[in-house]
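What follows is a single structure, written as structure tokens, with notes after it.
The numbers here are math on the coordinates, done by the rules we state, and not lab data. Remember, it's a predicted structure, so these values are computed and weren't measured experimentally. Note: ideal-geometry Cβ built from the backbone for every residue, glycine included; neighbour counts use all protein chains shown.
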Amino acid sequence: MVDAVQQTWTPALAGDRAAPRGSMQRFMRRRSTTAFLMCLPLLVIIGGLVAYPALYAIYLSMLNKSQTHFIGLGNFRWLLSRDVFQMVVEQAVIFTGFAVAFKALIGLITAHLINNLPAKGQRKWRGMLLVPWVIPLALSSLGWWWLFDPTHSAFNYILEALGFGEVPWLSNPYWARFSVILVNIWYGAPFFLIMYLAALKSVPEQLYEAAAIDGASAWQKFRHITLPMMRNIIAITMLFSLIVTFANFDIVQIMTAGGPRNMTHVFATYAFMLGIRSGDIPDGAAVSLFMLPLLAVAAVFVLRGVRKRGREIG
Amino acid sequence: MASASRLTRRNVLKSAALGTAAAVAAPYVRGAYAAGTLSLGLWDHWVPGANNTLTKLCNEWGAKNKVEVKIDYITSQGEKDKLTAAAEAQAGTGHDIMSHRDWNIQVHHRVLEPLDDVAKQLIGKYGPISPVAEYLDTVRGTWHGIPATVGSQVKPCASRLDLFQKYCNVDLRDMWPADEAKYDKAKTDKWTWEMYLDCAQKLHAGGFPVGLPMGQTSDAVDWVGALFNAHGVVMVDEKDNIKVDSAETRTALEYLKKLMAVNPPEVYAWDDAGNNRWLISGKGSNIMNPPSAWAVAKRDNPTVAANVWHHPMPKGPKGRFVGQLPFSYGLWSFSKNKSAGKDLLLYISQRESVQQLVAASGGYDIPTFKSMLDFDTWKTVEPPLGTVYSYPPRGDELTSITGRPARAEVGAQIYNQAINTVMVAKFTQGNEKLDDVIKWAANELEGTLRV
């Protein structure tokens, strides 16, 4: 196929050299020009929908409240001095830390369980366990909100029927934090499951057979074969989930809107409150961009590690 | 296919001159939409059919003035209306007119057309306007919004007649009859926050607590704001002085400690529908809300609805205040049809139009002109007959909004960040020390003053 393409191109290029035409025609016939033109739609989409909004958000975050003059990093310095924002940072770290850790753990366990099922039953379980991830998040958050409803919680109804007391799922700030983290884990664990399952399936069976001959235990196989072989996918999945969980909006906005006492706000909900509801767009932009440098540094290190390991394996 | 004529400077000038002469000489021909198009992004009313009346009025005006009117009704669920307004303000394009809730005129005033001419005509014709609406719609004395009837509401008491009679021995219908002329000052003066607390304690003991939200949404912010005003609490004054550390604040918070103790514990997680559901379920005896809870109860729990009476708020040392949440219309400065927009706003603000809008909403929508609070709708709605008569502010009840009297940019942040209810929740639910709570509030208020 490559040869065929080369054959098609070569005479044309040769013809170019033999009989020079207009410079525009020559330019259009260059291979790099064609490649550029074919990539152009993608570049336009990335430029318009990713680069421009990101740069515009950075620009907005450096304006004063009335967007009349440039104040550099003034909004970021200001935010760091506010009690509520410090609490938002704390809550976002707790939310993301617990959610990502448990999603990874549950994903890993369920991936192993499914991987060990007979091939016939695997597809059914895989499909069922992916359901939380497939349902639109706003819709499932609303469903969870009904289960946790402050006055008519379905969970409390069951607890009371079993003789236990009511739990203030959303009215107590600490229970509210627990509830939003739980929903995030419920939603995100299937993503880890499917990624880990794919990674598990790519581990060569011969490695396990060799380890079994050497008398390795199940834990030793997991520790010395499975985990090293999955390291790249674990790193990428964790990084992706870290970014997405830090940016979460729907779950907190629908279930608690940041309350009670601002104690469940994450960056996105707090940015929405400042930027859209209170009309302070620059402050809202600064809140939403706050984690960008930290996540960018984390991404560089994680991806460098992935590349390095990739070269070693290669 | 090639054109024989050449595009030269001489030809262009000749054509332009001929075109101008023809336009001047030709008789004025009025097409169906000769005066252009006007697009409106309006709040999607929750009362079935209420949008139709507004559409009818706009179309009537459009037909008379040869303007094509296009309306998009935008829900406030999930703040979609505010998101749309923010996007249009930032992009500098979109509808010509949008309806704005609470502080949105202040938020977008830089891209909203001054509407002094419209406001002054209306005030000249219908008299004084609600001070809260004026506060929200003007920036340094210039009107940037026109108070809308549709959506504008106040949040007085909605109480169960039977439960107040049984547990508190209070006849609310006798205290607040469906005729302002029959208000008896000796009786209404007794309806104070102290009496309210006494009733709340008795109703709690009887198993039917009052339901006062203490989250960070507008129902909570509005009733706490009314209570703060009644106690003389000022958070930030007109000159940017932070005044929250005062004897009045301490008195109000100490009072709230007692009042919140007899509310259900889940009020700290309620959104704006939480108190409605509380009343409709039959578990609650009182909420502070427009008649939306009663309207839903009419459908879902008619026995409850037949016992609900709307009446003014309790009185405090500084007066009787009710939380008001006005809606306004704003005309974007980038609108292509400003004069038509202003004319439409005038038309739908006329008494005859407002009367139709109030009737369509079953009395839920409140005009901002005191002179328009005499429509029959509030007298005829039932059951029980006259239940919403005292829903609009009557007697000595004054409207208020959390954040006032601070300058509006500051007030908007106090309101939207719910600094008052977070203060109360910290003290009553979090059991933080009073001094610490006030110190926290002062720090947050300092944040709102940043330019």
What is the set of long-range amide H partners of B:THR399 at a cut-off below 5 Å, with H atoms built 1.01 Å from backbone N? B:VAL322
Radius of gyration, Dmax [chain B; alpha carbons; angstrom]: 25.2, 96
Which distance in nm do the two modelled labels at B:LYS379 and B:ASP189 give, with both placed 7 Å along the Cα-to-Cβ direction? 2.9
Listed pairs B:LYS82/B:LYS202; B:LYS190/B:LYS439; B:LYS318/B:LYS338; B:LYS80/B:LYS257; B:LYS80/B:LYS338 exceeding 32 Å between Cα atoms: B:LYS82/B:LYS202; B:LYS190/B:LYS439; B:LYS318/B:LYS338; B:LYS80/B:LYS257
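What is the calculated FRET efficiency for A:LEU40 to A:VAL131, with r their C-beta to C-beta distance and R₀ = 35 Å, to the nearest 0.05? If you can, show how the numbers build up before the last one.
Numbers: r = 39 Å, r/R0 = 1.11.
Once the sixth-power term is evaluated, E becomes 0.35.
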For B:VAL236, what residues show an amide H to amide H distance below 5 Å, using hydrogens built from the backbone and excluding near sequence neighbours? B:LYS243, B:ALA406
Packing rank of A:273-280, B:261-268, where each peptide gets the mean count of other beta carbons within 10 Å, highest leading: A:273-280, B:261-268
Dipole size in debye (nearest 20) for the stretch A:74-313 around its Cα centre, Lys and Arg Cβ +1, Asp and Glu Cβ -1? 880
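With r defined as the distance between the Cβ atoms of B:ALA87 and B:SER371 and R0 fixed at 45 Å, what FRET efficiency is calculated, to the nearest 0.05?
Numbers: r = 37 Å, r/R0 = 0.82.
That pair, B:ALA87 with B:SER371, gives E of 0.75.
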Taking Rh as the Kirkwood radius computed over C-alpha pairs, what is the Stokes-Einstein D of the protein assembly as shown at 37 °C in a medium of viscosity 0.692 mPa s, expressed in µm² per second? 109
Isolated Cys residues of chain B, judged by Cβ distance under 4.7 Å to other cysteines: B:CYS58, B:CYS157
Between the stretch B:311-337 and the stretch B:384-418, the Cα center-to-center distance that results, in Å: 6
Between the stretch A:242-279 and the stretch B:349-376, the alpha-carbon center distance in angstrom: 37
Electrostatic dipole magnitude of the protein assembly as shown [Cβ: Lys, Arg +1; Asp, Glu -1; Cα centre; debye, to 20]: 3120
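Looking at the stretch B:170-326, what % of the alpha carbon pairs are farther apart than 24 Å?
Summing the P(r) tail past 24 Å for the stretch B:170-326 gives 35 percent.
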Per residue of B:401-414, count partner chain C-beta atoms within 10 Å of its C-beta, then hand back the mean as an integer. 1
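Give me a single rounded figure for A:252-260: the average over its residues of other chain Cβ atoms within 10 Å of their Cβ.
Details: counts 0, 2, 2, 2, 4, 6, 4, 13, 13.
Partner Cβ neighbours, averaged per residue: 5.
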State log₁₀ I(q)/I(0) for the stretch A:74-313 at q = 0.12, 0.14 Å⁻¹ as given by the Debye formula over alpha-carbon point scatterers of equal weight, solvent excluded. -0.81, -1.01
Give the calculated FRET efficiency between A:VAL297 and B:ARG173 to the nearest 0.05, with a Förster radius of 60 Å applied to their Cβ-Cβ distance. 0.35
Check which residues have an amide H placed less than 5 Å from B:TRP143's amide H, if you skip close sequence neighbours. B:LEU115, B:ASP116
Separation of the A:ILE109 and B:ASP162 label points, Cα + 7 Å toward Cβ, nm: 5.1
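Which order results if B:TRP309, B:TRP61 are arranged by neighbouring Cβ count within 10 Å, fewest first? Walk me through the numbers before you get to the answer.
Details: B:TRP309 26, B:TRP61 20.
Lowest count first: B:TRP61, B:TRP309.
Quick check for the stretch A:74-313: number of Lys pairs with alpha-carbon distance under 23 Å, counting only pairs 8 or more apart or on different chains?
Values: A:LYS103/A:LYS124; A:LYS103/A:LYS201; A:LYS103/A:LYS221; A:LYS120/A:LYS201; A:LYS124/A:LYS201; A:LYS201/A:LYS221; A:LYS201/A:LYS308.
Eligible lysine pairs with Cα atoms under 23 Å apart amount to 7.
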To the nearest Å, what is the center-to-center distance of the stretch B:180-217 and the stretch A:154-202, using C-alpha atoms only? 39
Top positive-direction residue, dipole computed over the stretch A:74-313 with Cβ charges, set A:PHE249, A:PHE76, A:VAL131: A:VAL131
Taking the Cβ of each residue in B:THR142, B:THR402, A:THR151 as the centre, tally the other Cβ atoms inside 10 Å and list the residues starting with the fewest. B:THR142, A:THR151, B:THR402
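Roughly how compact is the stretch A:203-279, stated as its Cα Rg over 2.2 N^0.38 Å to two decimals?
Working: Rg = 21.9 Å, N = 77, 2.2 N^0.38 = 11.5 Å.
For the stretch A:203-279, the normalised Cα radius of gyration comes out at 1.91.
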Fluctuation leader among A:PHE95, A:PHE290, A:PHE36 - chain A, Gaussian network, Cα springs under 10 angstrom: A:PHE36
Karplus couplings for the stretch B:56-64 from phi (6.51 cos²θ - 1.76 cosθ + 1.60, θ = phi - 60°), rounded to Hz, Gly and Pro as x? 4, 4, 5, 5, 4, 5, x, 5, 5
Under the Karplus curve 6.51 cos²θ - 1.76 cosθ + 1.60, θ = phi - 60°, whole-Hz ³J(HN,Hα) for the stretch B:35-42, x wherever Gly or Pro sits: 8, x, 10, 10, 10, 10, x, 10
Say a paramagnetic label sat at a point 7 Å from the Cα of B:LYS80, along Cα to Cβ; which residues of the stretch B:342-369 have their backbone N under 11 Å from it? none
If you split all Cα-Cα distances of the stretch A:38-142 into 10 Å bins from zero, what percentages do you get per bin, shortest first? 11, 19, 24, 26, 14, 5, 1
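Mind checking A:275-284 for the average number of partner chain beta-carbons within 10 Å of each residue's beta-carbon?
Working: counts 1, 8, 14, 10, 13, 8, 4, 0, 3, 1.
Mean number of neighbouring Cβ atoms from other chains: 6.
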Which whole-Hz ³J(HN,Hα) couplings does the stretch A:291-298 yield from phi under the Karplus relation 6.51 cos²θ - 1.76 cosθ + 1.60, θ = phi - 60°, glycine and proline marked x? 8, 3, x, 5, 5, 5, 5, 4
Treat each spin label as a single point 7 Å out from the Cα along the C-beta direction, and report the A:ARG30 to B:LYS318 distance in nm. 7.3
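What's the exposure ranking of A:MET24, A:MET230, going from fewest to most Cβ atoms within 10 Å?
Working: A:MET24 8, A:MET230 21.
Arranged by neighbour count, lowest to highest, A:MET24, A:MET230 become A:MET24, A:MET230.
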Mean 1/r over distinct Cα pairs of the stretch A:139-217, inverted to a Kirkwood Rh in Å, yields 15.9
